[in-house]
Amino acid sequence: MTSAHPSLSVESPPPRVVSRLGRFRAGLARLVATPGNAVITALVLSLVALIAPKLWSWAVADATWSGLDRKACAGTGACWIFIRARMNDLLYGSYPAREAWRADLSALTLFALIGLSAWPANPWRRVAVFALLVVLPPAAFLLLHGGVLGLSLVETRFWGGLLLNFVLTFVAVVVSVPLGLLLAEGRRSGHPEIAGSSVAFIEFWRAAPIVTILFFGVVILPLMLPRGIDFNKFACVSTALTLFASAYMAEAIRGGLQSVPLGQYEAALSLSLTPLQARLLVVWPQALRVSLPAIVNTGIDLLKDTSLVTIVGLFDILGSLQQALKDPQWLGLAAEGYAFVAALFFVLCSVLSVLSRRLERELSVERRP
């Protein structure tokens with residue numbers, strides 16, 4: 001039944017469901033939709049056809065995959081023996097090789113919880129999300145750092161390689177999301193002092209280049225601490241990255257908050273909920289659902305930005321690669337090293353993007369019963 005007045009109609013057309021094949025065909029159609037798009041598509045395909053065979057020949061067909069040292073790389077292709085020989089340094093840095101199982105266990109737990117959190121049919125999905133955001137950070141830190149439960153102590157100055165990239169990104173994202181939520185609420189506050197402070201904080205950290213932020217964490221932040229408190233370089237850099245990410249998270253979440261109608265908050269108050277309960281149970285879940293793609297994009301950007309920590313003396317995977325290239329035995333193999341790091345970041349960021357799109361589809365309003 002429909003209302004007599006068109007603006008009061010209670011019926012709405014069902015959402016249009018487009019198959020993957022349909023989306024693929026629509027994407028192909030857009031590539032040649034206009035003469036300009038057709039020309040650009042032809043140029044890109046020509047460039048790919050020119051580069052792809054040479055890249056395949058260098059990286060795969062003529063590459064050297066097995067051997068003991070540099071002498072085995074006598075061909076014209078890539079020498080992947082270098083990557084195999086320095087894999088431990090690229091993944092763990094100076095982390096003790098006999099304790100690498102702790103980093104592997106932490107990474108496997110992280111990926112498992114991410115998969116369980118993204119799996120829509122998982123009946124324990126909320127438990128997985130809670131474990132991912134609340135339980136895993138301190139547990140993984142204790143496992144990696146040691147000094148408890150019979151685990152040998154491994155100070156953070158020995159953390160490096162891809163392990164360091166993961167830890168810095170995970171810490172910054174987990175802490176910056178709730179901090180960004182508070183900043184977004186503060187920016188929307190009716191109190192001028194709170195709103196002004198939030199705006200000043202957000203705009204300051206968003207205006208500063210990431211390189212400046214890293215030097216702030218290593219040089220300036222320790223000078224601001226009271227006497228007797230001495231943060232190591234890892235703690236200072238992770239704090240600076242967290243503050244930097246929280247400003248971007250705040251803007252992403254503020255967009256989600258603006259998408260929630262004010263009437264829902266007022267309706268929650270009319271049902272005797274307190275302002276905090278109304279935000280916690282009604283407003284924030286909807287805002288975070290809308291902000292999820294922007295939050296994941298910020299996390300992906302942060303993962304790539306952690307490769308800059310090498311300029312302040314922390315050896316992530318890029319810094320470990322640069323140290324490995326200084327070995328006289330492996331001089332001249334920079335192309336293989338940077339190609340491997342680029343491919344690794346491409347795979348990691350692509351997987352995170354796929355998970356983000358899947359969660360976005362699962363949490364979209366149209367798919368909800």
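Every number here is computed from the coordinates shown, using simple stated rules; none is lab data. Remember, it's a predicted structure, so these values are computed and weren't measured experimentally. Neighbour counts run over all protein chains shown; Cβ positions are idealised from the backbone, glycine included.
Diffusion coefficient of the range 233-297 by Stokes-Einstein, Kirkwood radius over Cα pairs, 4 °C, 1.567 mPa s: 98 µm²/s.
Treating the beta-carbon of each Lys and Arg as +1 and of each Asp and Glu as -1, no other charges, what is the dipole magnitude of the chain about its Cα centre, to the nearest 20 debye?
On the way: 30 positive and 21 negative charges, 152 e Å.
In debye, rounded to 20, the chain gives about 720.
For the pair Gln264 and Lys304, label points projected 7 Å from Cα toward Cβ lie 3.1 nm apart.
Percent of C-alpha pairs per 5 Å bin in the range 74-182, short distances first: 2, 11, 18, 19, 16, 13, 10, 6, 3, 2, 1, 0.
Going from the residue with the fewest nearby Cβ atoms within 10 Å to the one with the most, Ser238, Ser152, Ser117 rank Ser152, Ser117, Ser238. Excluding same-chain residues fewer than 8 positions from Lys326, which lysines have a Cα within less than 26 Å of its Cα? Those lysines meeting the cut-off are Lys71, Lys233, Lys304.
From the helices alone, meaning DSSP H stretches of at least four residues, give me the mean residue ellipticity at 222 nm for the chain, per-run term -39500 (n - 2.57), in deg cm²/dmol to the nearest 500. Walk me through the intermediate numbers first.
Values: 17 runs with 234 residues, N = 369.
About -20500 deg cm²/dmol.
For the chain, what are the DSSP H helices with axial Cα length of 20 Å or more and mean Kyte-Doolittle hydropathy of at least -0.5? Span-like helices, by this rule, are 35-56, 100-118, 161-187, 192-207, 233-259, 284-305, 334-363. Taking Cβ separations below 4.7 Å as the criterion for a possible disulfide partner, the isolated cysteines in the chain are Cys236, Cys349.
Normalised size of the range 97-254, defined as Cα radius of gyration per 2.2 N^0.38 Å with N residues, equals 1.18.
Cβ-to-Cβ counts within 10 Å put His145, His191 in ascending order as His191, His145, the fewest first.
In whole percents, the pair-distance distribution calculated for the range 166-241 from its alpha-carbon pairs, binned every 10 Å from zero, is 18, 39, 35, 8. What whole number of Å gives the distance from the Cα centroid of the range 256-274 to the Cα centroid of the range 101-155? The two parts, judged by their Cα centres, are 35 Å apart. Taking every Cα-Cα distance in the range 63-127 and sorting them into 10 Å bins from zero, the calculated P(r) comes out as 19, 25, 24, 21, 9, 2 percent. For the range 248-341, the equivalent ellipsoid derived from the Cα gyration tensor has semi-axes of 49, 11, 8 Å, listed largest first.
From the alpha carbon gyration tensor of the range 157-196, can you work out the equivalent ellipsoid semi-axes (sqrt of 5 times each eigenvalue) and give them in Å, largest to smallest? Mind showing how you got there, number by number?
Values: eigenvalues 227, 14, 5 Å².
For the range 157-196, the ellipsoid semi-axes come out as 34, 8, 5 Å.
Simple rule: put +1 on each Lys or Arg Cβ and -1 on each Asp or Glu Cβ in the chain, find the dipole, and look at Ala184, Gly36, Val173; the Cα lying farthest toward the positive end is Gly36. Considering only C-alpha atoms, what is the centroid distance from the range 300-361 to the range 52-96, in Å? Cα centroid to Cα centroid, the span is 16 Å.
What translational diffusion coefficient, to the nearest whole µm²/s, does the chain have by Stokes-Einstein, given a Kirkwood radius computed over alpha-carbon pairs, a temperature of 37 °C and 0.692 mPa s viscosity? Write out the running numbers ahead of the final one.
On the way: Rh = 24.3 Å.
Using the Kirkwood radius from Cα pairs, D works out to 135 µm²/s.
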